[in-house]
1. Can you tell me which residue is farthest from B:GLY417 (Cα to Cα) among those in region A:85-123 that are among the hydrophobic types (A, V, I, L, M, F, W, C) and more than 21 Å from the chain's Cα centre (by Cα)?
2. Looking only at residues in region A:266-275 that are surrounded by 19 or more Cβ atoms within 10 Å (Cβ to Cβ) and not hydrophobic (A, V, I, L, M, F, W, C), which one is farthest from the chain's Cα centre (by Cα)?
3. For region A:426-455, how many residues are of a type in the set (Asp, Glu) and at pLDDT below 95?
4. Being surrounded by fewer than 20 Cβ atoms within 10 Å (Cβ to Cβ) and under 21 Å from B:GLN92 (Cβ atoms) is true for just one of B:VAL376, B:VAL425. Which residue is that?
5. For A:PHE335, indicate whether it is buried (at least 18 other Cβ atoms within 10 Å of the Cβ), at pLDDT 95 or above and over 26 Å from the mean Cα position of the chain (by Cα).
6. Of the residues that sit in region A:304-319 and are crowded, with 16+ Cβ neighbours inside 10 Å and closer than 16 Å to B:VAL196 by Cβ, which one is nearest to the other protein chains (Cβ to nearest Cβ)?
7. Just to verify a result, which residue in region B:404-414, among those that are assigned to a helix (DSSP H, G or I) and out of contact with any Leu (no Cβ under 7 Å at 6 or more places or on another chain), is nearest to the other protein chains (Cβ to nearest Cβ)?
Number of protein chains: 2
Amino acid sequence: MCPDLLPAPGGEELTRGFLQEVVDILLGYISKSSQRSSKVLDFHHPHQLKEGLECFSLDLPDQPETLEQILVDCRDTLKYGVRTGHPRFLNQLSSGLDVVGVAGEWLTSTANTNMFTYEVSPVFVLMEECLLKKMQSILGWSDDVGDGIFCPGGTISNLYSILVARYHFYPEVKTRGMGVLPQLALFTSEQSHYSVKKSAAVLGMGSENVFMVKCDERWVSSKYTKGFLVINGMHNNGNVCSPVASLYVSVFASLGVELFNFKYLFSRACSVTWNPHKMMGVPLQCSAILVKKRGLLQECNDFGAEYLFQTDKNYDVSYDTGDKSIQCGRHVDVFKLWLMWKAKGSEGFGSQVNKCLENAEYLYDQLQRRTDFELVLKNKPEHSNVCFWYIPPSLRGQPPGPDRDARLHQVAPRIKGRMMEKGSVMIGYQPLGDKVNFFRCVFSNPATQQEDIDFLLDEITRLGDI
Amino acid sequence: MCPDLLPAPGGEELTRGFLQEVVDILLGYISKSSQRSSKVLDFHHPHQLKEGLECFSLDLPDQPETLEQILVDCRDTLKYGVRTGHPRFLNQLSSGLDVVGVAGEWLTSTANTNMFTYEVSPVFVLMEECLLKKMQSILGWSDDVGDGIFCPGGTISNLYSILVARYHFYPEVKTRGMGVLPQLALFTSEQSHYSVKKSAAVLGMGSENVFMVKCDERWVSSKYTKGFLVINGMHNNGNVCSPVASLYVSVFASLGVELFNFKYLFSRACSVTWNPHKMMGVPLQCSAILVKKRGLLQECNDFGAEYLFQTDKNYDVSYDTGDKSIQCGRHVDVFKLWLMWKAKGSEGFGSQVNKCLENAEYLYDQLQRRTDFELVLKNKPEHSNVCFWYIPPSLRGQPPGPDRDARLHQVAPRIKGRMMEKGSVMIGYQPLGDKVNFFRCVFSNPATQQEDIDFLLDEITRLGDI
């Protein structure tokens, strides 16, 4: 096989034939992923996969393989992977397999272009503008303010929110660095995502200067507030919270549900992270940072590279939006979202999100009824997260205390391990503060039905009672 | 149309039919993109596309559209876009349309998973390890050192290189921030990519603390050196270059050609940015940062989120590599590269890169022969970049000087504008320092042949002589 056979002049029939065979494999996979009778995964340990299984070897050759082998490689890659679109994939995100979203991503990769300029991405740049405006209007921001950009994931979006907040208060940081600034502090909920500390470290602010603020037990504040507070003087002089001169409020509404169902929370936000690749079911990656102050993103990040952002082009160069970004090359993440919005409408997204919330409520109801499970939070879920312990027979009736906790801590990991080896269902677990390992079910998979929730609980019981 | 028709139980036939129609559109597009008789683009100004063309509207509806309209939307998106796979797309990157790469990306989006843990990406995590090892061996790094991670683009990879360099010298920066560090300075070539300054701004180091070092006219040093230098005391005390206690050398080998053809340059590098989405022709995004000191990436970036990186899992959790990253959710960028490597072998990539270099040499030869063009650099190209001016009849014979420069500066943008409106070919232009606007041809498109280079020069002449 000639190494540059694909693509090649005269190779059109071969190209079509090859791609059609790949598509047939993918269509088969999609169909199988939706069947409850198929496994969620076919688990192998790292060393098993590395040693190679049947015809599947990870090794990279010097000489080309045949096209037949490439097709085998595609099949095997899917075979040993995890079916995130399976109705019983309830692990954390991403999940689901929206067919229009998949079609959007297939088109995106075929168009293979870059978001940095209008020149090479005319349609996608305009789609980004259109989506950002729509998202801003859902936040309740007026038409003549607001800006934003799509980013490679929610953590990078959160990094942007802190970056623009810092620039908003101290624009000199861009050229002169943190050295000329007073000590900065960042306030966030004690339950906030680890990306806040991670971003503080990347940005040179230091994770110790992130202050974790207590929030109520339902963790509501954790989801909706992240403060960026500039104080004068060192934070360790005991003067942390005073004077609260300015507060830049960023909201990390990662799942997306808040945006359809809790709009009232966004009025005070200076920036909002919104991840359509979570509860809206858009294929990974699709995340946006929305910034209320227009112009801030551009001023904070632009360096006007002359080889890309020439000002003497033949079109309106305000559409060369790439210099707002901290990236140069930027993947097109907007088309799949745009196409899904066309196919569902805002109402379709709304009902998809509601279905996730209904599933959370159903799980909550089931857990309340059963004696072999215990809820981590007694309140009815306001969101799509439901956290619970499975109490195996040996622990039932045992009084609370360190002894019971130590044993309960091992239950979820053990069941999860068995689940993966059996391949029947997937759900995450975690400890949190003084709470030992519990299962955390995040509903974002549109394929999940009540029967899958029943199955989950029964399966946990089966695997936990062994 | 029911908003959750896709995907839906019992909707399998509809799903297959819809996706097959999308694929037919894509196959038609791929076939047309390879034909020289088709246009590279069908140019429209932003306001024209925004107003809507025929049935194509960017607006996002509240109610769902029909599947027929979704297919029309797909067709129109491609119609008004730029065919980056066309043999005459010579604009800067990404270009080409490698069919195996496209197949890889189609599979990736169908698998729709996340690189953060082995749990949800067993095969892709191992592919990343395998690719990084192969790339390290190409750099000449021994098997028992070296680490790396795939990132969303070369600029983010460069940001990583500075981030880990800073951590290498001052690990306390992670927790305590830049405030407790001495003033840092970053040295780079005066011709280096703007991502160095951009990253310095993001990281809180400040773009003024990036010092641009002169390099020889062939810009060689610009491609291969980026120093990160820690000095004690303020940089403005006149003591910038002394004492050069430690130098952390990062190499930005973005195009990828260096890695096959100039291996000897990498022996001193502490980190290397390698973008397979450039000259290796892998669909965007595909970039890696390789770090020689194993463990540095993990130490620099980890925060051990307990909901993701539990240590009590049922498998070897050293394969949960996501905490090395500054992202949380991370797109799978490795599969398409892995599959292309299988299909071409290292030798296939080598010859693809050589073909780009041959094209550069051919263009250089043609430019030398013609009196209506002038080379920006007289030397034979060592790389795939060739920079040149077109000298229209009215400027031929005019003596050098500010007057000629001012007029020559307008030539390339004017021709580029006409080119885009005609849709016949695309090439970039830029000024650089005291050099007025020139065309910059970067060969990375494997579809480009010598006849396309001839066409380019003839077309410039045709459009420039009007």
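The values are calculated or read from the model by the stated rules, or taken from the named source; none is laboratory data. Remember, it's a predicted structure, so these values are computed and weren't measured experimentally. Using ideal geometry, Cβ is built from the backbone for each residue, glycine included, and neighbour counts are taken over all protein chains shown.
1. A:LEU107
2. Filtering first and then ranking leaves A:SER271.
3. 1
4. B:VAL376 is the lone residue from the list that is surrounded by fewer than 20 Cβ atoms within 10 Å (Cβ to Cβ) and under 21 Å from B:GLN92 (Cβ atoms).
5. For A:PHE335, the condition - buried (at least 18 other Cβ atoms within 10 Å of the Cβ), at pLDDT 95 or above and over 26 Å from the mean Cα position of the chain (by Cα) - is not met.
6. Here the residue is A:ALA305.
7. B:PRO413
Listed here are the residues, each with its yes/no results for (1) at pLDDT below 90; (2) under 26 Å from A:THR108 (Cα atoms); (3) acidic (Asp, Glu).
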residue	(1), (2), (3)
A:MET135	no, yes, no
A:ILE149	no, yes, no
A:TYR160	no, yes, no
A:VAL173	no, no, no
A:GLN183	yes, no, no
A:ASN209	no, no, no
